[in-house]
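Trainee: Dropping a structure here in structure tokens format, bear with me for questions.
The values are calculated or read from the model by the stated rules, or taken from the named source; none is laboratory data. Quick caveat, the model's predicted, so the values are computed rather than measured. Please note: Cβ atoms are built from the backbone with ideal geometry, for glycine as well, and neighbour counts cover all protein chains shown. In case anyone asks, the SASA skips ligands and DNA or RNA and just uses the protein heavy atoms, side chains included. Shrake-Rupley method; radii C 1.70, N 1.55, O 1.52, S 1.80 Å.
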Amino acid sequence: MGASILSDLGTEILIPVCAVIGIAFSLLQWVLVSKVKLSPGRDPGSPRNNGAGGTNDCADYLIEEEEGLNDHNVVLKCAEIQSAISEGATSFLFTEYQYVGIFMVAFAILIFVFLGSVEGFSTKSQPCTYDQSRICKPALATAAFSTISFLLGAVTSVVSGFLGMKIATYANARTTLEARKGVGKAFITAFRSGAVMGFLLAANGLLVLYIAINLFKIYYGDDWGGLFEAITGYGLGGSSMALFGRVGGGIYTKAADVGADLVGKVERNIPEDDPRNPAVIADNVGDNVGDIAGMGSDLFGSYAESSCAALVVASISSFGINHEFTPMLYPLIISSVGIVVCLITTLFATDFFEIKAVKEIEPSLKRQLIISTVLMTIGIGVVSWVALPSSFTIFNFGDQKVVKNWQLFLCVAVGLWAGLIIGFVTEYYTSNAYSPVQDVADSCRTGAATNVIFGLALGYKSCIIPIFAIAVSIFVSFSFAAMYGIAVAALGMLSTIATGLAIDAYGPISDNAGGIAEMAGMSHRIRERTDALDAAGNTTAAIGKGFAIGSAALVSLALFGAFVSRAAISTVDVLTPKVFIGLLVGAMLPYWFSAMTMKSVGSAALKMVEEVRRQFNTIPGLMEGTAKPDYATCVKISTDASIKEMIPPGALVMLTPLVVGIFFGVETLSGVLAGSLVSGVQIAISASNTGGAWDNAKKYIEAGASEHAKTLGPKGSDPHKAAVIGDTIGDPLKDTSGPSLNILIKLMAVESLVFAPFFATHGGLLFKIF
């Protein structure tokens, strides 16, 4: 079989060093962003010093406005707005985390009790699940360590989301101020801030997982099967927090957005982010808690789960059986190299090429995807050559399949390139530079109804190529390396997570920057620049969601394979009634979940619209700009609605595997997992792309950049109002239901995997009775 070229010591040095490099690089980017000062002598957004500013000379402060104004009032106004957004986002996340913390403790107890009861809480060593001739650690140890890794994953996920939000709220006003110097400077500030989040999250996720494996190894010793079974809790913790972050944040942001748009733009005919609109602060807070904190936790969950799925399968393959440490940690080495590749890629956007015109923004972001994918392909090739033996065996539903190292390289590479294809197809269907979105904008001539019809058709059509890309990568990776191949294909798609997150976080930061420019009363030229940054950010956000959905499909299939192995199911036969009823119910779950989240946004938006209307009607001088609106009430409506409404959808996802596993058994549960995966992926892609297309169709009309767009505008025209209605319908689709669905399919799979021993031993109560 042969040994790997890279020694175990080399692996032990490489992984933590790459993680530390990632953290150091993110801190460097943060220092560069913080050089843009918000006010002479005071810096309210700084997480470092809680409001105490630097002592630099006033000449260092950003006061050279292109229009020839040295207006300190604008800078102070930006600082004030930024402070309000930051406080709103922080207070919401703390409230959310209090509720989530209670759930986290309760679920940790559940994991310990259920898994400990598999062997009746015995502390005696047991024969190993996959090799009865060997003795492994007791089930109680797996219960305890699974609980610890669940809490580790949950805390890391929460911290990732919170840090992302802090960085975004720190950078938004700085991006606005840099826009006075030109679009290039503003782009670099927004992108660097996104990179802080991307690298911090990728490096933290890797480092915590690596440390956990090494600490668990002290107890488990040679029992690698038990060790990596316990590690699966890390993925469950990450995804369960991401679910609440995504759903709660999504309801918050869209309730505010819909309320602000419908009353402000359609009824009162005032611009987006106008300071007279009472919901405007809540809308900007929502961008940070939904698109930043939610997205950060979501992609961290995907990364943790794909790593756990690969490690579980590897631990019962030749790597784990022969205790080959370097090949065993192949998934982590890929992620380590990914951080270095993303670091080089980021320099292309911030240092090697300077953006001088608006039309260069989107190509620059697309270049990031291409460069990172090409470099990562080379990186995977090198890693597969040095970290793997030339030939080895992989567990394949009871058998050991012989695999060559070049085959595993192809598995990772196919996932990586499938991600790029999904990204570009998503961009084609959601960017207003291409005909699909322009057709949707054109349909606004005849009103909102035709706009809705065209938008829905676009979303359904946009599923075709991504589904084929996912199907091909599943077929290739499974043919070469069974379920392990699918797990590493998912890791390949997520290997450039730092760049993906940087591009993704850039969008909401630019959106906030535009809002601050409008509220601070900055000139039309500056608002045009921030709008251009935001339009590109909208498309990149759609690309990010495409990556998240594609990787979720592969991750949940890999977890499904690990679950089937761990629950000792020999075959999943669709023709047996137990499995088929599971398939039907599983396929229905994404619809049930979407209905809950959409209705939650609708009812929260209803309250918001009523409050915004009330303020416009009862506060004298509000429309004239002589009185200030009551922003705090709107922030409270969004906060209360999202906290209350996130619990039922969260409970649906978390309880379904438990109820099905306990009462109907592992075969029905395997059907539920397959059904939810198949229907969830389609709905998620179409919902995200429909919403993204409607949003950019509206921006296409507003920008009026082409002759065609000018015939549909200007703002306030009938086609523009029809586009705003389409955008408002699309908001909960693209930012609440769509992105939360990929967590649904992953979370149910990883939860089933963690509880598999309990379900296999004590599950299927109803079938046992009858």
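Trainee: Give A651, A627 a once-over and let me know the one that is over 30 Å from I581 (Cβ atoms), of a type in the set (A, V, I, L, M, F, W, C) and either in contact (Cβ under 8 Å) with a residue 60 or more places away in the chain or surrounded by fewer than 19 Cβ atoms within 10 Å (Cβ to Cβ) (or both).
Mentor: A627
Trainee: Let me ask you something else. How do the helices (runs of 4 or more DSSP H) wholly within the range 414-525 filter down when requiring 1 or more residues that are within 18 Å of I729 (Cα to Cα) and either at pLDDT 90 or above or open to solvent by less than 10 Å² (accessible area, probe 1.4 Å) (or both): which remain?
Mentor: Of the helices (runs of 4 or more DSSP H) lying wholly inside the range 414-525, those with at least 1 residues that are within 18 Å of I729 (Cα to Cα) and either at pLDDT 90 or above or open to solvent by less than 10 Å² (accessible area, probe 1.4 Å) (or both) span 435-442, 448-461.
Trainee: List pairs: first in the range 361-379 and in contact (Cβ under 8 Å) with a residue 60 or more places away in the chain, second open to solvent by 10 Å² or more (accessible area, probe 1.4 Å) and among the aromatic types (F, W, Y), Cβ under 8 Å, 6+ apart or cross-chain?
Mentor: S364/F353; K366/F424; Q368/F348; L369/F424; T373/W417
Trainee: Right, next: Only one of (1) over 29 Å from S510 (Cα atoms); (2) part of a helix (DSSP H, G or I) is not met by M197, so which one is it?
Mentor: Condition not satisfied by M197: (1).
Trainee: Those residues that are open to solvent by 60 Å² or more (accessible area, probe 1.4 Å) and over 10 Å from S297 (Cβ atoms), I need them from the range 153-162; list them, please.
Mentor: Passing the criteria: only V155.
Trainee: Turning to a different aspect of this structure: With the requirement that a residue be surrounded by fewer than 16 Cβ atoms within 10 Å (Cβ to Cβ) and under 11 Å from F244 (Cβ atoms), what does the range 75-101 give you?
Mentor: Within the range 75-101, G101 is the sole residue that qualifies.
Trainee: Restricting attention to the range 630-648, which residues are hydrophobic (A, V, I, L, M, F, W, C) and either more than 30 Å from G235 (Cβ to Cβ) or open to solvent by less than 20 Å² (accessible area, probe 1.4 Å) (or both)? Step through it out loud before you land on a result.
Mentor: So the first thing to find is which residues in the range 630-648 are hydrophobic (A, V, I, L, M, F, W, C), and the list is 632, 634-635, 637, 641, 643, 646-647.
Correct list: A632, C634, V635, I637, A641, I643, M646.
Trainee: Can you give me the ranges of the helices (runs of 4 or more DSSP H) entirely in the range 686-770 with at least 2 residues that are of a type in the set (D, E, K, R)?
Mentor: The qualifying helices (runs of 4 or more DSSP H) are 707-712, 718-732, 738-762.
Trainee: Yes or no: K607 farther than 25 Å from V289 by Cα, of a type outside the set (A, V, I, L, M), in contact (Cβ under 8 Å) with a residue 24 or more places away in the chain and surrounded by 14 or more Cβ atoms within 10 Å (Cβ to Cβ)?
Mentor: Against the criterion (farther than 25 Å from V289 by Cα, of a type outside the set (A, V, I, L, M), in contact (Cβ under 8 Å) with a residue 24 or more places away in the chain and surrounded by 14 or more Cβ atoms within 10 Å (Cβ to Cβ)), K607 does not qualify.
Trainee: Have a look at S372, S384, S364 and point out the one that is more than 24 Å from the chain's Cα centre (by Cα), modelled with pLDDT under 95 and either assigned to a helix (DSSP H, G or I) or closer than 20 Å to A304 by Cβ (or both).
Mentor: S384
Trainee: State yes or no: is V20 outside any loop (DSSP other than H, G, I, E, B), modelled with pLDDT of 50 or more and surrounded by fewer than 17 Cβ atoms within 10 Å (Cβ to Cβ)?
Mentor: Considered against the rule, which asks whether it is outside any loop (DSSP other than H, G, I, E, B), modelled with pLDDT of 50 or more and surrounded by fewer than 17 Cβ atoms within 10 Å (Cβ to Cβ), V20 comes out as yes.
A quick yes/no check of all residues on (1) open to solvent by less than 10 Å² (accessible area, probe 1.4 Å); (2) in contact with a Lys or Arg (Cβ under 8 Å, 6 or more places away or on another chain); (3) closer than 15 Å to L559 by Cα:
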position	(1), (2), (3)
L655	no, no, no
V659	no, no, no
F663	no, no, no
V666	no, no, yes
G671	yes, yes, yes
G675	yes, no, yes
V678	no, no, yes
I683	no, no, no
S688	yes, yes, no
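Trainee: Give me the pairs, please: first residue somewhere in the range 215-230 and within 11 Å of S315 (Cα to Cα), second residue anywhere and of a type in the set (F, W, Y) and modelled with pLDDT of 85 or more, beta-carbon distance under 6 Å, and either six or more positions apart or on two chains.
Mentor: Note: pairs meeting the criteria are G226/Y220; L227/F216; L227/Y220.
Trainee: Run K137 past the list (1) free of Cβ contacts under 8 Å to residues at least 60 places away in the same chain; (2) more than 28 Å from D511 (Cβ to Cβ) and report the number of the one that doesn't hold.
Mentor: Checking K137 against (1) free of Cβ contacts under 8 Å to residues at least 60 places away in the same chain; (2) more than 28 Å from D511 (Cβ to Cβ), the one that fails is (1).
Trainee: Can you tell me which residues in the range 163-201 are open to solvent by less than 10 Å² (accessible area, probe 1.4 Å) and closer than 30 Å to L110 by Cβ?
Mentor: G164, M165, L201
Trainee: Based on this model, can you work out whether S600 counts as assigned to a helix (DSSP H, G or I) and either modelled with pLDDT of 90 or more or more than 12 Å from L669 (Cα to Cα) (or both)?
Mentor: Numbers: assigned to a helix (DSSP H, G or I): yes; either modelled with pLDDT of 90 or more or more than 12 Å from L669 (Cα to Cα) (or both): yes.
Yes: the conditions hold for S600.
Trainee: Here is a check on your reading of the model: is L215 at pLDDT 90 or above, assigned to a helix (DSSP H, G or I) and open to solvent by 10 Å² or more (accessible area, probe 1.4 Å)?
Mentor: So L215 passes the test.
Trainee: Sticking with this one: Of the residues in the range 321-349, how many are open to solvent by less than 40 Å² (accessible area, probe 1.4 Å) and more than 23 Å from the chain's Cα centre (by Cα)?
Mentor: Residues that pass the stated criteria total 6.
Trainee: Further, regarding this structure: Counting only residues that are among the aliphatic types (A, V, I, L, M) and open to solvent by 10 Å² or more (accessible area, probe 1.4 Å), which one in the range 735-770 is farthest from S306 (Cα to Cα)?
Mentor: I769
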